[in-house]
Amino acid sequence: MIQQILTLPDAAVSEFPETKYMGSKQRLLPFIREHLRGLKFESALDAFSGSGCVAHMLKQTGVQVYANDFLAFCFHTAKATTENNATRLTREDINKLLRPNSKAESFVSETYAGLFFEEVDCAFLDNLWGNIQLLKSPLKRSLALAATSRACMKKRPRGLFTFTGKTGWDGRRDLRISMREQFIEAVDVLNTCVFSNQKANKAYHGDVFDLPNDVADLVYLDPPYVSPFSDCDYTRRYHFVEGYCTYWKGADIMMETKTKKLRSYETAFGGRNGVSDAFRRLFAHFKRSIIVLSYSSNSIPSRDDLVAMLKEHKRSVVVYEATHRYHHGNHGHKVGDNNNLAKEYLFIAS
């Protein structure tokens, strides 16, 4: 039986750590949370979970939460913080992860040393990968991989891997401390995210259209935004941590590029030509559920076009607005560009 959520918390039950992720909705959580009040749902899907902060917030409502992302490092974050109700990395686990491993491979050191991190940090990442494989618990492995991804992004200006060397480096602590220190701190932070909502939550790693069309009562959508000001290529921006989560096994690495990036994954939301059809298909796929869509005014298609598409399947479509600046987003070519100041829309279709 569908219940009405009457006690949606105003503050986090378990605080989600600050992220350095393009388009993260972390600063918009109060805005999203406020407009979910009164909706009736027992289960929710975050279909493009990204940083994981919205799925984590939905988990706090007490409903069963599903999270999905096509990027491996985002999947591991969701598995560690949304699917995971009780498992943490202990001090004993951390000590085992940090100890020397004579059987560890050296792919990071051989391929990326000097591009994004110093040799000592690359050697640490190689050794760490070997030790992560010794963890028997899938949840602990996801926690460790999520912590490593966080550590790597914290140690990069703006959290990006689209440039090499010391571009953008300054005196901030995150860029000065070692990868080892970053990892230990990331584990501590992610451990604090773990809590139980007494539900069997689940994280998925795949194409959104492969999910069951009736997976949840409410579906939250935050797909990549196609903008006139920038691309929405998440693989290009985060290829290093994406590759690390599989240790580049079977990966298509573009070795001829300066950053040795992964070839970008194909997505229906990757360009102007097909994005409108992708939204139509998405709304049709989840037409059985309440649809909640986060969207930016700087994007294509327009607000009016999206309302019309949603009304093909839903009787009621309400749009709420907030002003938002994308600090690590995909709406500005340079720091201070006014193009990254936009209206944030929240469509609720029922």
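The values are calculated or read from the model by the stated rules, or taken from the named source; none is laboratory data. Not measured: the values here are computed from a predicted model. Please note: Cβ atoms are built from the backbone with ideal geometry, for glycine as well, and neighbour counts cover all protein chains shown. For accessibility, only protein heavy atoms count, side chains too; no ligands or nucleic acids. Shrake-Rupley method; radii C 1.70, N 1.55, O 1.52, S 1.80 Å.
Please enumerate the residues belonging to the range 67-92 that are out of contact with any Cys (no Cβ under 9 Å at 6 or more places or on another chain) and either among the hydrophobic types (A, V, I, L, M, F, W, C) or surrounded by fewer than 20 Cβ atoms within 10 Å (Cβ to Cβ) (or both).
The answer is F70, C74, A78, N85, A86, T87, R88, L89, T90, R91, E92.
Give the range 135-169 a look and list any residue that's assigned to a helix (DSSP H, G or I), over 23 Å from L98 (Cβ atoms), open to solvent by less than 10 Å² (accessible area, probe 1.4 Å) and in contact (Cβ under 8 Å) with a residue 24 or more places away in the chain, or say none.
Across the range 135-169, the qualifying residue is only G159.
When both residues are 6+ apart or on different chains and their Cβ atoms are under 8 Å apart, which pairs have a first residue that lies in the range 177-189 and is under 23 Å from T87 (Cβ atoms) and modelled with pLDDT of 95 or more, and a second that is open to solvent by less than 40 Å² (accessible area, probe 1.4 Å) and assigned to a loop (DSSP other than H, G, I, E, B)?
Filtered contacts from the range 177-189: Q182/K155; V187/L89; V189/P17.
Which ones in the range 254-290 are hydrophobic (A, V, I, L, M, F, W, C) and buried (at least 16 other Cβ atoms within 10 Å of the Cβ)?
Residues satisfying the conditions are L262, A268, F269, V275, A278, F279, L282, F283, F286, I290.
Do you know which residues across the range 29-48 are in contact (Cβ under 8 Å) with a residue 60 or more places away in the chain and open to solvent by 10 Å² or more (accessible area, probe 1.4 Å)?
Within the range 29-48, F31, H35, L39, K40, E42, S43, F48 qualify.
Starting from residues that are more than 11 Å from the chain's Cα centre (by Cα) and of a type in the set (G, A, S), keep the ones in the range 33-70 and report whichever is nearest to L293 (Cα to Cα).
Looking at residues that are more than 11 Å from the chain's Cα centre (by Cα) and of a type in the set (G, A, S), I get A44.
Can you find, within the range 218-267, the residue that is nearest to R158 (Cα to Cα) among those that are within 18 Å of the chain's Cα centre (by Cα) and free of Cβ contacts under 8 Å to residues at least 60 places away in the same chain?
Only one residue tops the list, namely D233.
Any residue at all in the range 264-276 that's at pLDDT 90 or above and more than 30 Å from F107 (Cα to Cα)?
yes
Can you tell which of A322, A308 is of a type in the set (A, V, I, L, M) and modelled with pLDDT of 95 or more?
When all the criteria are applied, what remains is A308.
Tally the residues that are open to solvent by less than 30 Å² (accessible area, probe 1.4 Å) and in a helix (DSSP H, G or I), restricting the search to the range 94-123.
Residues flagged as open to solvent by less than 30 Å² (accessible area, probe 1.4 Å) and in a helix (DSSP H, G or I) within the range 94-123 amount to 8.
Given the conditions (1) β-branched (V, I, T); (2) over 30 Å from A144 (Cα atoms); (3) part of a helix (DSSP H, G or I), which single one is not true for T235?
Condition not satisfied by T235: (2).
What do you reckon, is K96 under 30 Å from R263 (Cβ atoms), over 14 Å from the mean Cα position of the chain (by Cα) and in contact (Cβ under 8 Å) with a residue 24 or more places away in the chain?
For K96, the condition - under 30 Å from R263 (Cβ atoms), over 14 Å from the mean Cα position of the chain (by Cα) and in contact (Cβ under 8 Å) with a residue 24 or more places away in the chain - is not met.
Can you tell me how many residues in the range 199-220 are outside any loop (DSSP other than H, G, I, E, B), of a type in the set (G, A, S) and either over 30 Å from I348 (Cα atoms) or open to solvent by 70 Å² or more (accessible area, probe 1.4 Å) (or both)?
Summing the residues that are outside any loop (DSSP other than H, G, I, E, B), of a type in the set (G, A, S) and either over 30 Å from I348 (Cα atoms) or open to solvent by 70 Å² or more (accessible area, probe 1.4 Å) (or both) in the range 199-220 gives 0.
If I ask for residues that are over 15 Å from E242 (Cβ atoms) and within 9 Å of the chain's Cα centre (by Cα), which ones from the range 71-80 would you list?
Those that are over 15 Å from E242 (Cβ atoms) and within 9 Å of the chain's Cα centre (by Cα): none in the range 71-80.
What are the residues in the range 185-198 that are exposed (fewer than 15 other Cβ atoms within 10 Å of the Cβ) and part of a loop (DSSP other than H, G, I, E, B), if any?
S196, Q198
Quick test of your reading of the structure: Y247 fulfils all but one of (1) of a type in the set (F, W, Y); (2) at pLDDT 95 or above; (3) crowded, with 19+ Cβ neighbours inside 10 Å. Name the failing condition by number.
Checking Y247 against (1) of a type in the set (F, W, Y); (2) at pLDDT 95 or above; (3) crowded, with 19+ Cβ neighbours inside 10 Å, the one that fails is (3).
Being on the phi > 0 side of the Ramachandran plot and open to solvent by 10 Å² or more (accessible area, probe 1.4 Å) is the filter here, so list the residues in the range 51-66 that pass it.
Matches in the range 51-66: G62 only.
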